[in-house]
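The values are calculated or read from the model by the stated rules, or taken from the named source; none is laboratory data. Note that this is a predicted model, so its numbers are computed, not measured. Here the Cβ is made from the backbone with ideal geometry for all residues, glycine too, and neighbour counts use every protein chain on show. Calculation scope for accessible area: heavy atoms of the full protein, side chains included, ligands and nucleic acids excluded. Shrake-Rupley method; radii C 1.70, N 1.55, O 1.52, S 1.80 Å.
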Amino acid sequence: MSVILEVSHLTKEYKTVKAVDDLSFTLNEHEILGLLGPNGSGKSTTMNCILSLLRYSSGSIRIHGKEMSPSAYDLKQEIGVIFQDVAVFEELTVYDNIRYFCGLYIRDRKTAEAYIEDAIHLTGLEDYRKFYPKQLSGGLLRRLNIACGIAHKPKLLFFDEPTVAVDPQSRNNILEGIEKLREQGASVIYTTHYMEEAEQLCDRIIIMDKGKILASGTPDSLKSITSVTEKVMAEVPRLSEEKLHKLEGEVTNGSIRYENGRLVVSFHDGKDHITHLIDILRRMQISYLRIYSERPTLNDVFLELTGKELRD
Amino acid sequence: MIVCKAFLKVIRKNIGMIIIYTVIFLVFSVANSRTGETQTTFVSEKPSVCLVTEDDSLLSDCLCRYIGEHMEIVDLPEQDRADALFYKEICSIIRIPKHYGRNVCSGEQTAVGIQTSVDYKAEFVKLMLERFGRVQNIYVKTTDSEQELVNAIESALESSVKVEVASALDEKALTAASDFYNFAAYSMMACIVFIICLVLSSFNEIMIRKRTLVSSMPYGKYSTLLMLSSCLYAMAVWAVLVLLSFCIVPDGMKTDRGIWYVMNGCLYMLVSLTLAYLLSTVLKGKNAITGIVNVITLGCSFLCGVFVPADYLPDSVMAVARVLPTYWYVQTNELLKTTETLDKTTVLPILIHFAVLSGFCVLFYAAGMMISRHNRRIA
């Protein structure tokens, strides 16, 4: 697999803050690479630096082996960007919007028309060609935003949190669409702070915080970083301090947290601890509404690496 | 081409506003052409006076006839005369004293008594009596009898001089053309500045700009295409106004001034275009554009004599107006209306006005460029 994008020692400094701190990574052909991190972790800044929307302090960015710069128009021809905020003209119809943004890359009319049809088909906007953005629902608007970014058939795609404030159905459509694009030969950089999305979609994930890479690898390899082997969650509306202390004494092979009526027990060896925990809760006469077991997630990795939850 | 096409499509979405401004302009122009016709019609009016005669000589009869010809004589009892004068029912009380004829003929200084109110009609009455007095004083020395004096005065006062204005200008046609182009200042500026600001605000919207910056179209080319599209639209507005001028005020436009009006309009179109460019770099948000553009276009029009003729505006207002391009545009139209012949000397002030308008274009464009670069650096 050849390397499409190579970022080396990228640093972006604002007056007193390092938004991106010595970041290095590569993106391979036909790969979906996720940049996962909480808000303010430097994901979007990294993306803006790669796209030459921001001047960076040091480091280098190479696409197909060539230095990326604001005037590297041959490289830009290969790039498509889907921003977090919808970037379309209110005054133009769905078709005209896609036509306009495709036209910024593709000069030949017939080719452009064929590409637009493909983009409309891929995003499922066939019935909305003559609609104005104001007439579209939030999900359809997102799809239009994606269609505008992919219509020129780029080989390198950047998605900046495209599913923020999107309903589950539209979210699935968007994720399926990205999969399709990869199947058609595109390589994707996908920034998100939703770990489930990153797990579901990405071949590799880079976990970022405070402008630095905390860890990177496939979802499975990342999850192997954590010492947690199983998490058992129980919804416990009321739990006294005394009982919590007693419970900590009973569970010897795991750590316990109790927050907002939720008891989380992380076990560090073996699996299938749920029955054992149910027995303890019964014995101690602690009533619960629901109890379930979960494999460790990327959030556990993040928690272990930073001491805070990803959703914080 | 895609940028131009999108630009025109966005304009098409704002066609309602363009129609409103054009209708306002047409209403103004048509209304003005009607009021212009009445302005040239004069109605003669005689001032009302109360005449008191204490003399019955031939000369006093002659003076009475003269007063009767030029003034409306109102009979009033003595006790009401002062009130009538105070309430301006009459503008003067003229009193011909006893032995007026005899005294004049014998060379004694005798004046006609006159009491007046303070208004222009009273001044006219004074003027007419002075005229009679001057003629009377000329002929009293050369005539031997009162009858001869009266004959001489009457024949002198009867003589009239036919006055013809020797101007070759078709004043009515040029006034109509000037008024048309003056009113066009508001519509042209509003149509160009408002619409271009609105359209450019869509193109300059931060996310659209980001998408353009990451595209393979060079940003310089993109900006040039936007500028050319704005130019194309502004020229279309100007062309429509010129076409309308040939339809609404054809007589004025067919004179040698026609081409100058068109050129003046062209320069004003360029001023509006560059002003639109400057404002689009400063104004963010469509609501702000609506408010500020209205203030600028209406303010310029009111201060510079577009809606109210410049002659009626106070000097202080006109002094402020000199810093606005609309002032120079309107003044050029006024010069074109009143300049007798266009030659090297008379064209010079017009060319100076053109140079001032061109200066505004350069100023606005340069300021727009500076702010645009500054904005890009910040972004």
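One line per residue, one yes/no per condition, for (1) in contact (Cβ under 8 Å) with a residue 60 or more places away in the chain; (2) away from chain B (no Cβ under 13 Å):
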| position | (1), (2) |
| --- | --- |
| A:Phe25 | yes, yes |
| A:Ile32 | yes, yes |
| A:Leu54 | no, no |
| A:Gly80 | yes, no |
| A:Ala87 | yes, no |
| A:Glu90 | no, no |
| A:Cys102 | no, no |
| A:Lys110 | no, yes |
| A:Ile116 | no, no |
Notebook entry, point to check: Within segment A:134-145, is even one residue under 21 Å from A:Thr191 (Cα atoms), within 22 Å of the chain's Cα centre (by Cα), within 13 Å of chain B (Cβ to nearest Cβ) and among the hydrophobic types (A, V, I, L, M, F, W, C)?
Noted result: yes
Notebook entry, point to check: Do the conditions hold for B:Lys88, that is, is it outside any helix (DSSP H, G or I) and either in contact with a Phe, Trp or Tyr (Cβ under 8 Å, 6 or more places away or on another chain) or farther than 27 Å from B:Leu58 by Cβ (or both)?
Noted result: yes
Margin query: Looking at segment A:20-74 only, could you name the residues that are open to solvent by 10 Å² or more (accessible area, probe 1.4 Å) and in a helix (DSSP H, G or I)?
Written below: A:Ser44, A:Thr45, A:Asn48, A:Tyr73, A:Asp74
Notebook entry, point to check: Given segment B:99-180, what helices (runs of 4 or more DSSP H) lie entirely inside it while holding 1 or more residues that are at pLDDT below 90 and within 30 Å of B:Leu241 (Cβ to Cβ)?
Noted result: none
Next item on the list: Kindly indicate whether A:Ile98 is more than 25 Å from the chain's Cα centre (by Cα), buried (at least 17 other Cβ atoms within 10 Å of the Cβ) and either among the aliphatic types (A, V, I, L, M) or within 8 Å of another protein chain (Cβ to nearest Cβ) (or both).
Entry: no
Checklist line | Every residue from segment A:3-18 that is out of contact with any helix residue (DSSP H, G or I) (no Cβ under 8 Å at 6 or more places or on another chain), assigned to a strand (DSSP E or B) and of a type outside the set (Asp, Glu) | finding: A:Val3, A:Ile4, A:Ser8, A:His9, A:Thr11, A:Lys18
Item checked: Whichever residue in segment A:225-270 is within 27 Å of the chain's Cα centre (by Cα) and small (Gly, Ala, Ser) and, among such residues, is farthest from A:Leu281 (Cα to Cα) -> A:Ser227
Next item on the list: List the number of the failed condition for A:Arg62; all other conditions in (1) at the interface with chain B (Cβ under 9 Å from one of its Cβ atoms); (2) touching a strand residue (DSSP E or B) at 6+ places or on another chain (Cβ under 6 Å); (3) basic (Lys, Arg) hold.
Entry: (1)
Next item on the list: Only residues that are polar (S, T, N, Q), more than 8 Å from every other protein chain (Cβ to nearest Cβ) and assigned to a helix (DSSP H, G or I): list them for segment B:181-224, please.
Entry: B:Asn182, B:Ser187, B:Ser201, B:Ser223, B:Thr224
